[in-house]
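Undergrad: First the structure, which I've put down as structure tokens, then a few questions once you've had a look.
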Amino acid sequence: KSCQTGKISTAEAAAQSHTCRDVGVQTEHSQEPAQDFQQEAQVDHPGLLSFLQRVEDAVVKELNKNWHSHAFDGFEVKWTEQSDAVLCLHTLSYPEAQAQNLQVTSVSWNATGSVVACSYGRLDDGDWSTGKSYVCTWNLDRRGLKPQHPDLVVDVPSSVMCLAFHPSQPSLIAGGLFSGELVVWDTSRTEDPVIWRTGMTDDTHTDPVYQVNWLPDPKHRTHSRLLSVSTDGKILVWREERDGRLGLDEGFAMVAQQSRGSTRLKKLAWGEAAVGVTSLSFSHFDPRVFVVGVEGGCSLRCSTAAQAVAVHGTGSSVPLRAPAEFAFSPHAGPVYSVSCSPFHRQVLHLGHWNLFLSCGTDGQVHLHSMLQAQPLLALQLSKKYLFCVRWSPVRPLVFAAASGEGELHLLDLARSSQKPTVSLRQAAGNCPVYCLEFNIKQTQLLAAGDAAGTVKVWQLSSEFTEQGPREVNHLEQLASESMD
């Protein structure tokens, strides 16, 4: 036998309303004061006081136990998403500059941490003349970021050797030129971004400017001054003037010291010749103290309070002073970069040490104390030059170095004081990495520029951005052992 259900029938139906209507309702503004819908809690104050008095001794006892406990030493709350690898987020370039074989000579982050700028020029041709150059900026927070199309391109008539964004005004950026001039651009002005420049005067550097820094102006709180260093041996401080010019405010010259300098200063056979300054870094503990690196291979501790006049036939409009106070053991070649530790201002008993890093053509990084000629550590990181070294703004034991072999080295002294924790391949074919900068606002970002004309923005892993327990103490111990 078989059984079959009746044939299944289907039907489709649709319904659509033919009219629609919008209605809005708004309560009228009440003139009466808003009512508090939360009724005041009824508190038994005598009872609460009696309870607190009964438990006070027990609570204080437990708090004291917690205060002395080491149960949570080394534990750190992880509020943000963890990243275990260092990643390349962006590879930025300006094809027109690359077509002219221009190199990235400097990188800088603006005050918000969202815009990165780079300067184009050449560092490997000593006789490279005044050719056209560029300053480019990219806003990494912009949705339509185009890595090969900068948001702003500024044409510059001379090679730009260094850049520095203003520390609080995000649109201002200063640059030092191959010609010895300084220029300040306002990136919010697209037509004519140049707002100040030194021009070519008797005060202007006669060699390329290799570093520029913004300084506060003690006379005008709302104004800033600019400091520039050059291989002509001069360190000059400029002030804003009304006609768009930068005028010389004060200056220093690195020459033979006639006064009561250290024995090492006297041993250096400088004669009366200028000593070429390649880099400078201010102490974070004492704003008058700074360290310079020179072509002779030394790092020198200097002071803006120096009063001795330098013997320097420059015809300068202000007398140039001799700032050098102490010389550190030299590298086996010119020093290209120095970086003072940003952490010792936070720990007073460490402030008198005030550590700094230096690197140069010998491929070594030296870790120095301000009080000792010999380095606390000397690390051989490259068989070629090291062009730049920077201390991490958030990890006291971490720093980065840019190598002539095309690598970016990240070192964590908590892990090893002898070799890099991570070495990143920035550029192909051993193309030198000339510059790098940590992002102070977005501390997981680091930018580096190379001789191929590209800027890479790296995202650091959490191990390089989150400070461990007692990390400053570790640095103190490292310095103590080395000094012993």
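Undergrad: Checking Ser83 against (1) open to solvent by 60 Å² or more (accessible area, probe 1.4 Å); (2) at pLDDT below 80, which single condition isn't satisfied?
TA: With (1) open to solvent by 60 Å² or more (accessible area, probe 1.4 Å); (2) at pLDDT below 80 applied to Ser83, the lone miss is (1).
Undergrad: Please specify each residue of region 433-452 satisfying the condition of being under 21 Å from Thr361 (Cα atoms) and part of a loop (DSSP other than H, G, I, E, B).
TA: Within region 433-452, the subset under 21 Å from Thr361 (Cα atoms) is 433-437, 448-452.
If the condition is that a residue be under 21 Å from Thr361 (Cα atoms) and part of a loop (DSSP other than H, G, I, E, B), then Ala451, Ala452 are the ones that fit.
Undergrad: Do we have any residue at all in region 327-337 that's out of contact with any Gly (no Cβ under 8 Å at 6 or more places or on another chain), assigned to a loop (DSSP other than H, G, I, E, B) and either at pLDDT below 85 or closer than 28 Å to Leu163 by Cα (or both)?
TA: yes
Undergrad: Then there's this: So which residues in region 220-239 are open to solvent by 20 Å² or more (accessible area, probe 1.4 Å) and more than 24 Å from the chain's Cα centre (by Cα)?
TA: His220
Undergrad: Here is a follow-up. Which residue, of Ala451, Ala400, Ala414, is of a type outside the set (Ser, Thr, Tyr) and more than 21 Å from His368 (Cα to Cα)? It would help to see each step written out before you state the result.
TA: Values: Ala400 fails: more than 21 Å from His368 (Cα to Cα); Ala414 fails: more than 21 Å from His368 (Cα to Cα).
The match here is Ala451.
Undergrad: Hey, another quick one. Could you say which residue among Ala274, Ala324 is buried (at least 20 other Cβ atoms within 10 Å of the Cβ) and at pLDDT below 85? Don't jump to the end; show me each part of the working.
TA: On the way: Ala324 fails: at pLDDT below 85.
Checking each option against the conditions leaves just Ala274.
Undergrad: Still on this structure: Which residues, taken from region 426-472, are of a type in the set (Gly, Ala, Ser) and at positive phi? Working first, answer last.
TA: Applying the first criterion (of a type in the set (Gly, Ala, Ser)) to region 426-472 yields 427-429, 447-449, 451-453, 461-462, 468.
Within region 426-472, Gly429, Gly453 meet the criteria.
Undergrad: Which residue is modelled with the lowest pLDDT, if the candidates are limited to region 350-360 and must be farther than 13 Å from Ala402 by Cβ and crowded, with 17+ Cβ neighbours inside 10 Å?
TA: Among those that are farther than 13 Å from Ala402 by Cβ and crowded, with 17+ Cβ neighbours inside 10 Å, it is Leu350.
The values are calculated or read from the model by the stated rules, or taken from the named source; none is laboratory data. The shown structure was predicted, so the numbers you read here are calculated from the model rather than taken from an experiment. Please note: Cβ atoms are built from the backbone with ideal geometry, for glycine as well, and neighbour counts cover all protein chains shown. What goes into the accessible areas is simple: the full protein's heavy atoms, side chains included, and nothing from ligands, DNA or RNA. Shrake-Rupley method; radii C 1.70, N 1.55, O 1.52, S 1.80 Å.
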